[in-house]
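S.K.: The structure is given below, and queries will be raised subsequently.
Nothing in this text is a laboratory measurement; each read-out follows from the coordinates by a stated rule. A quick note: this is a predicted structure, and the numbers were derived from the prediction, not measured. Note that we place each Cβ from the backbone using ideal geometry, even for glycine, and neighbour counts take in every protein chain shown.
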Amino acid sequence: MSLISENDFGVAENFHVSVASPSDYLALLKPRVMSLVIFTALTGLLIAPSHVNPVVGFASLLAIAIGAGASGALNMWYDADIDALMRRTQKRPIPAGRMHRDDALGFGLVLSVLSVMTLGIIANWLAAALLAFTIFFYVVVYTMWLKRSTPQNIVIGGAAGALPPIVGYAAATGEIGLASIALFAIIFVWTPPHFWALALVKSDEYGRAGIPMLPNVKGADRTRRDILLYALVLAPLGLVPWFMGITSLAYGIIASALGVVMLVFAARVFYIRTGPRVDRCAMQLFGFSILYLFLLFAVIAGERMLAMLVSILAG
Amino acid sequence: MERKIQGLVLTPEQLKARRQRNIAIGLAIGCVALLFYAVTIAKLGPGVLNRPL
């Protein structure tokens, strides 16, 4: 009698052999979101008053980026059902059938633990705790709870995307500074008009997937009003780093100009409600909002790097 | 005694994907090892090994 039956070598019903390639795993990390996280966390790191060893700073940024990627993987694990219903997301590895959901879950969990532990060891445990909170907030609070239950999903959930500068600052200093909170506030207020501009155009897709985005629940007019209100708050908020003395007058001028342009785009979305230009106006606001945030943070980071270079050259 | 196991036979596509994943995992582990080495030297300094036993 054999101790191992022939059946033990057979294939279990739920057994699967993956055909996912490394690029599919990379796609799970949402590389575009990751690049934004790296950029904003770097800015948080650079505005810190304390000096950071470049190697430690690089490793900290890498850990933060992997943490952000892990939360992206966990988001795709949970949202695989609705991703399959939207054109924008149905080519992702799970809905496209190249990867099993369990693989994405395992990948996301392992990277979450690794990134938090790595940041704790190489930087400090406050930064690691903040990174863990960011992952928890994005996956549990936003993805599992808010996204499918309230039109304010991206307003509250936006906090997760706004936290990387605070994590970067904490990695450098071991504390949460007012300067990093200012950067958090800018991203937090920027998030709703950015996503709602897209939601105005893609409302049918979100509706098909059953996601209660603001245009689907409260209507396009209410969304246009809220976009304008958030842009009115965002424009002066962009100047706060200058008021706090974190940046120079050059930043103040650039932030003022960008704030005015952002307001103009938001006002166009608010006033132009019919005709062939409606969708184009919303997409222009969506596109410009990305440029707006990128330029604000690029100027802050650029000024800091320039100051460092000057102090190095001056000896 | 020759023993044949009727296991799972992978398709060429599955084999190729598995090989690619293995290479990626190997590279990732190598990069993590290098990163931890570099951070250790950066935090403790190059004289980390120069100490009385």
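S.K.: For B:THR40, B:THR11, A:THR134, what's the fewest-to-most ordering of other Cβ within 10 Å of each Cβ?
M.R.: Ordered by Cβ neighbours within 10 Å, fewest first: B:THR11, B:THR40, A:THR134.
S.K.: Okay, moving on. Taking the Cβ-Cβ separation of A:ALA129 and A:SER23 as r and a Förster radius of 35 Å, what is the calculated FRET efficiency to the nearest 0.05?
M.R.: In this case the efficiency is close to 0.60.
S.K.: Over chain A, with a Gaussian network built from C-alpha contacts below 10 Å, which listed residue (A:ALA20, A:ALA267, A:ALA159) shows the highest mean-square fluctuation?
M.R.: Looking only at A:ALA20, A:ALA267, A:ALA159, the biggest GNM fluctuation is shown by A:ALA20.
S.K.: Per the helix-only calculation at 222 nm, which mean residue ellipticity applies to chain A, given -39500 (n - 2.57) for every DSSP H run of n ≥ 4 and division by its residues, nearest 500 deg cm²/dmol?
M.R.: Calculated mean residue ellipticity at 222 nm is -23000 deg cm²/dmol.
S.K.: Here's another thing I want to ask about it. What ³J(HN,Hα) values, in whole Hz, does the Karplus curve 6.51 cos²θ - 1.76 cosθ + 1.60 give for the range A:95-107 when θ = phi - 60°, with x put for Gly and Pro?
M.R.: x, 6, x, 8, 9, 7, 4, 4, 5, 5, 4, x, 4
S.K.: To the nearest 0.05, how large is the calculated FRET efficiency for A:ARG280 and A:LEU109 if R₀ is 51 Å and r is the Cβ-Cβ distance?
M.R.: Details: r = 42 Å, r/R0 = 0.82.
Calculated value: 0.75.
S.K.: What FRET efficiency do you get for A:ALA314 and A:LEU263 if R0 is 35 Å and r is their Cβ-Cβ distance, rounded to the nearest 0.05?
M.R.: FRET efficiency, A:ALA314 to A:LEU263: 0.30.
S.K.: Normalised radius of gyration for the range A:167-244, please: alpha carbon Rg relative to 2.2 N^0.38 Å, two decimal places.
M.R.: With N residues counted in the range A:167-244, Rg over 2.2 N^0.38 Å equals 1.40.
S.K.: Let me ask something else about it. Using Cβ contacts closer than 10 Å as the measure, can you line up A:VAL261, A:VAL278 from fewest to most?
M.R.: Numbers: A:VAL261 14, A:VAL278 17.
Ordered from fewest to most neighbouring Cβ atoms within 10 Å, A:VAL261, A:VAL278 come out as A:VAL261, A:VAL278.
S.K.: Give A:LYS91/A:LYS218; A:LYS91/A:LYS202; A:LYS30/B:LYS16; A:LYS30/B:LYS43 a once-over and call out the pairs whose C-alpha atoms are over 20 Å from each other. Each step should come with its number before you reach the end.
M.R.: Details: A:LYS91/A:LYS218 29 Å; A:LYS91/A:LYS202 17 Å; A:LYS30/B:LYS16 24 Å; A:LYS30/B:LYS43 31 Å.
Among A:LYS91/A:LYS218; A:LYS91/A:LYS202; A:LYS30/B:LYS16; A:LYS30/B:LYS43, the Cα-Cα distance tops 20 Å for A:LYS91/A:LYS218; A:LYS30/B:LYS16; A:LYS30/B:LYS43.
S.K.: Where q = 0.10, 0.12, 0.14 Å⁻¹, what log10 of I(q)/I(0) comes from the Debye formula for the range A:72-216, counting one point per Cα?
M.R.: -0.39, -0.56, -0.75
S.K.: Still on this structure, please answer the following. Give the Kirkwood hydrodynamic radius (Å, one decimal) of the protein assembly as shown, defined as one over the mean of 1/r across all pairs of different Cα atoms.
M.R.: After inverting the mean inverse Cα-Cα distance, the result is 22.9 Å.
S.K.: Taking the number of other C-beta atoms within 10 Å as the exposure measure, put A:TYR206, A:TYR169 in order starting with the fewest.
M.R.: Result, fewest neighbours first: A:TYR206, A:TYR169.
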